[in-house]
Amino acid sequence: MDMTVEVSANNVALVEISSDARMIGSTISNKGVLIQANHDFTCFGVNKNLFSVDGFLGLPTDMLGNEYYAVGYVNCSPPRDHRIRCTR
């Protein structure tokens with residue numbers, strides 16, 4: 001999938017990504033979304049399904065460090081999982 005979306009400063013664009021990009025289970029896969037821009041920006045995403053809503057915040061690579069926290073509820077049933085995408 002390859003697309004270009006133009007967004008002016010201080011505006012929001014809704015971009016739908018194919019469900020083929022979803023991770024399934026806990027298997028390792030080569031799936032990801034590359035977002036590039038000429039200026040700094042913030043990207044957030046939501047994956048909404050029946051009985052489930054997941055979200056993420058995308059940060060510019062120059063803002064990333066090497067210490068991350070995956071925060072969730074304790075004693076959830078079924079157990080929750082977190083995924084972190086490495087850039088190096």
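The values are calculated or read from the model by the stated rules, or taken from the named source; none is laboratory data. Quick caveat, the model's predicted, so the values are computed rather than measured. Glycine also receives a Cβ, built like all others from the backbone with ideal geometry; neighbour counts cover every protein chain displayed.
Here are the numbers for the structure shown:
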read-out: Count of residues meeting criterion [in a helix (DSSP H, G or I) and either touching a strand residue (DSSP E or B) at 6+ places or on another chain (Cβ under 6 Å) or within 24 Å of residue 64 (Cα to Cα) (or both)] in the range 9-32; value: 1
read-out: Residue tally, condition loosely packed, with under 10 Cβ neighbours inside 10 Å and among the small types (Gly, Ala, Ser), over the range 38-53; value: 1
read-out: Pairs, first under 14 Å from residue 58 (Cβ atoms) in the range 15-38, second assigned to a loop (DSSP other than H, G, I, E, B), C-beta under 6 Å, six or more apart; value: 15/5; 21/31
read-out: Of all residues making up the range 54-70, the number that are among the aliphatic types (A, V, I, L, M) and either under 17 Å from residue 32 (Cα atoms) or surrounded by 10 or more Cβ atoms within 10 Å (Cβ to Cβ) (or both); value: 3
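This table checks each residue for (1) out of contact with any Cys (no Cβ under 9 Å at 6 or more places or on another chain); (2) among the small types (Gly, Ala, Ser); (3) modelled with pLDDT of 75 or more; (4) not in a loop (DSSP other than H, G, I, E, B).
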| position | (1), (2), (3), (4) |
| --- | --- |
| 7 | yes, no, yes, no |
| 34 | yes, no, yes, no |
| 47 | yes, no, yes, yes |
| 77 | yes, yes, no, no |
